[in-house]
1. Give just the number: which of (1) modelled with pLDDT of 95 or more; (2) open to solvent by less than 30 Å² (accessible area, probe 1.4 Å); (3) farther than 18 Å from V296 by Cβ does R130 not satisfy?
2. Among the helices (runs of 4 or more DSSP H) contained in segment 186-265, which hold 1 or more residues that are loosely packed, with under 15 Cβ neighbours inside 10 Å and under 23 Å from the mean Cα position of the chain (by Cα)?
3. I'd like the full set of residues that are open to solvent by less than 40 Å² (accessible area, probe 1.4 Å) and either over 21 Å from the mean Cα position of the chain (by Cα) or among the polar types (S, T, N, Q) (or both), limited to segment 292-309.
4. Across segment 2-16, what is the total count of residues that are at pLDDT 90 or above and not aliphatic (A, V, I, L, M)?
5. Output the number of residues of segment 320-334 satisfying the condition of being in contact with a strand residue (DSSP E or B) (Cβ under 8 Å, 6 or more places away or on another chain) and surrounded by fewer than 16 Cβ atoms within 10 Å (Cβ to Cβ).
6. Are there any pairs, at least 6 apart or on different chains, whose C-beta atoms fall under 8 Å, with the first in segment 319-341 and at positive phi and the second crowded, with 19+ Cβ neighbours inside 10 Å and modelled with pLDDT of 95 or more, and if so, which?
7. Open to solvent by 10 Å² or more (accessible area, probe 1.4 Å) and at pLDDT below 95: is that true of P289 in this structure?
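The values are calculated or read from the model by the stated rules, or taken from the named source; none is laboratory data. Computed from a predicted structure; not experimentally measured. Don't worry about glycine lacking a Cβ; one is built from the backbone with ideal geometry, like all the others, and counts go over all protein chains shown. Surface areas here come from the heavy atoms of the whole protein model, side chains and all, with no ligands, DNA or RNA. Shrake-Rupley method; radii C 1.70, N 1.55, O 1.52, S 1.80 Å.
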Amino acid sequence: MSTRTRAAVELYESIRSVPAAVWDGAVRASHAPVFYERSYLEAYEDAPLAPLERCAYLVATVDGAEPAHAVLPVFVQPAIDPLGALAAAFPAVAPAGRGLVTPGWHCYDGRIPATRLDADLLEGLVAALRDLAREAGIEWCALVNVAAGAALDDALGATSAPIDERFVLDLARFESVEDYVASLAPKVRQNVRRWRRRAAEAGAIVTVRRAADADLDGILELARATAAKYGTADFYRPGAFQSFVRGLGDSAVAIEVQIGDRLVGGGVCLVDSERFHTWTCGVDYDAAPSFSPYTVMFVESVRAAFDRRLPLLEGGRRNAEYKLRYGLRRQPLDGYLLRFT
């Protein structure tokens, strides 16, 4: 007869206090993205992109012949659903107000990093979330943007629903950025080459560099203007955005397109051991009427991924028609709601 071992769970108030071997080991073992790495969480803790009341880092451990760990960053937020995504996905309950969110709305690849994700670890994490919610006087916890098919409903005691989608480009199929461009449909391929030529004719300069050294004020202005078209400009908060990106250090790369002294396109990309993330960007089409700064930046991001020998390019969310046209595949995302009463 097998005996289940209850998981022990530790809660840390700062990622800097979590034993590196445990947290980083779980992140590596599960191939978790940059959003779970120490550099990202330290930057987010110091300069939160969304208003928050408290950070909590849960570490669940099962000892024995084969010890296992699972980790989870959780944030107590005054607004659990700032984008209205939960209300759209769960209209019957439409949670609002204060809540627990993991891993955060600026992350499009949610998961529970673990060396071995088993029922005992999940049970321990849920118990810790319940205690945290009770202490904070909170009813709801949302685990957001998890790849569809994870089927965590029963293990978490949660309700799930489709919530969004992200887009991924498998670069391992190509030898180079030129090989990738050659794989595109003829009209798309012609546009890429046309925009490159017209960008050169316009005197555009494309720069790829450490994001901390880039024109972050200019990139923020462009990103907010682009997001404003979807009513989400405040997703990028002045001051917090620049401080957060600078705190990322070498985990963040900027791509800038400039004509003279004017920034016409700019984006911040994130880097982990397996992926190049086109995390956020903005463009000023009025300042570059003869070409597409967005396409120039996107192709440059593919080049940057190849330069770093990374097998995946994460294209983020939104703009599905464009991303599918450029060869990215759709990855549906689910949200999980836990109710603590």
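1. (2)
2. 216-228
3. Answer for segment 292-309, where residues must be open to solvent by less than 40 Å² (accessible area, probe 1.4 Å) and either over 21 Å from the mean Cα position of the chain (by Cα) or among the polar types (S, T, N, Q) (or both): S292, P293, T295, V296, S301.
4. Within segment 2-16, the subset at pLDDT 90 or above is 8-16.
Imposing the further condition that a residue be not aliphatic (A, V, I, L, M) reduces the set to 10, 12-14, 16.
The qualifying residues number 5.
5. Counting residues in segment 320-334 that are in contact with a strand residue (DSSP E or B) (Cβ under 8 Å, 6 or more places away or on another chain) and surrounded by fewer than 16 Cβ atoms within 10 Å (Cβ to Cβ) gives 5.
6. The qualifying pairs are G327/L169; G327/Y180.
7. Details: open to solvent by 10 Å² or more (accessible area, probe 1.4 Å): yes; at pLDDT below 95: yes.
Yes: the conditions hold for P289.
Residue-wise test of (1) of a type outside the set (A, V, I, L, M, F, W, C); (2) under 25 Å from E135 (Cα atoms); (3) in contact (Cβ under 8 Å) with a residue 60 or more places away in the chain; (4) not in a strand (DSSP E or B).
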position	(1), (2), (3), (4)
V76	no, yes, yes, no
I80	no, yes, yes, yes
L83	no, no, yes, yes
L86	no, yes, yes, yes
G97	yes, yes, no, yes
E123	yes, yes, yes, yes
